[in-house]
1. Do we find a residue being more than 30 Å from Ile113 (Cβ to Cβ) and modelled with pLDDT of 75 or more anywhere in segment 298-319?
2. With a cut-off of at least 3 residues that are farther than 17 Å from Met359 by Cα and aromatic (Phe, Trp, Tyr), name the helices (runs of 4 or more DSSP H) lying wholly within segment 280-335.
3. Out of segment 196-231, which residues are surrounded by 15 or more Cβ atoms within 10 Å (Cβ to Cβ) and within 30 Å of Val84 (Cβ to Cβ)?
4. With respect to the numbered conditions (1) touching a helix residue (DSSP H, G or I) at 6+ places or on another chain (Cβ under 7 Å); (2) farther than 22 Å from Ser115 by Cβ, which one is the sole condition not fulfilled by Gly324?
Amino acid sequence: MKFQRNDKYTTIAIYALLVIICCIIFNEGFKNLGMVRGFLSRVAGYLQPIINGIVFAFLLNPLLRLLEERLLSRVQMKPVTRRVVGLVLTYLLAFTFVALFSALVVPQIFASIQSILNNLQVYFKALEKLYNNITSFIASFGEGTELEIMLIGILSQLLDSLRNLAAGASEYFYTLLPGVLSATQRVTTSIVNLLLGVIVSIYLLMDREKLFAQLNKTLRAFTSDRAYHLISDIALDANRILSGFVLGKVIDSLIIGVLCFIGMSILRLPFAVLISFIVGVTNVIPYFGPFLGAIPGAIIIAVTSPMQAVWFLIFILVLQQFDGNILGPKILGDSIGLSALWVIFSIMLFSGLLGVVGMFIGVPLFAIIYSLSRRFIAFLLERKGESSNTWDYASSKNPRIK
């Protein structure tokens, strides 16, 4: 009997085999999670220059496009020449910014940290004096009350914790000296990776159009029309969300850091450069960022002058309101497409999964997941012939939903 091939069942068999293989790989990877993490960590280390280059190209691409479209387009030159000139100007501006930041801001930050470390004992004497004043104020309302005992106990524990933290910090900095050689080696490796990343980013930006054309060509070869357009739309959405959020937040945080420095200088608050740098960096985190930056700043100022710390907190509250209601919406617009509830949810989720890094990258990652989910739900509803408009499912139009 001659065997007749059935393409339908062959396709089903191939898919079933692929599913079984994926399940086996997933099961083995889950059982050897530590080994998988170590392997992925080594691969990420090997690819670090490539990763750095992609990040640099992503951050500098808007500046390059701005220079090419707004400035260099007015000059008659070949496209290749325009790209080379644009790259030179882009990297000159980027290196100038980094050099100015390193020359003007970094020394001030280190000087502030050194001043804090050198005056730890003075600061703790001021804290003890503040502690005594507060306990005396509490005791004036009545001796021996449960509230008084509880508050004094909390303050005492807080003071002891800060004292132990300072002692540990001092010991850490002194014991850090023997590890300078290994630290120097790591710094050297990081510098080499950064330089290689710059070179990779130059190649990526130089051949940007060709690289995208190759990706589109490959995608078109292996996918159907529907899949091709769907993947292209998802990639465009992801790029819009990432570029809009990351670049917008960087610009927003830079402006907030500068405004914080100006405001602290006007109010004559100490450690203006260090605290403004902290506020600017933490401002990348939506909603929680300004307050996370204000807490260490208020503690640093409070050890020298509690009243100045109060003024600092009031100033940060005003600055946060300006950023949240005026500056942030003006720069970011609706680039992430998430409500406040989902932003807070994404920060809490990814900070729990990835720690501090998750607080910075959680919002754009969740925005991409949210966009994919919204597309998938709309697709399922359209297959059923149902509306994909959210408000068509409100309780006023759907009595079963209350």
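The values are calculated or read from the model by the stated rules, or taken from the named source; none is laboratory data. Everything numeric in this text was worked out from a predicted model, so none of it was measured. Here the Cβ is made from the backbone with ideal geometry for all residues, glycine too, and neighbour counts use every protein chain on show.
1. No, the conditions are met nowhere in segment 298-319.
2. Answer list for segment 280-335: 306-322.
3. Result: Leu196, Gly197, Val198, Val200, Ser201, Ile202, Leu204, Leu205, Met206, Arg208.
4. Among (1) touching a helix residue (DSSP H, G or I) at 6+ places or on another chain (Cβ under 7 Å); (2) farther than 22 Å from Ser115 by Cβ, the lone unmet condition for Gly324 is (1).
Every residue, every condition in (1) out of contact with any strand residue (DSSP E or B) (no Cβ under 9 Å at 6 or more places or on another chain); (2) closer than 13 Å to Gly197 by Cβ; (3) of a type in the set (A, V, I, L, M), yes or no:
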| residue | (1), (2), (3) |
| --- | --- |
| Leu59 | yes, yes, yes |
| Arg70 | yes, no, no |
| Val75 | yes, no, yes |
| Lys78 | yes, no, no |
| Leu93 | yes, no, yes |
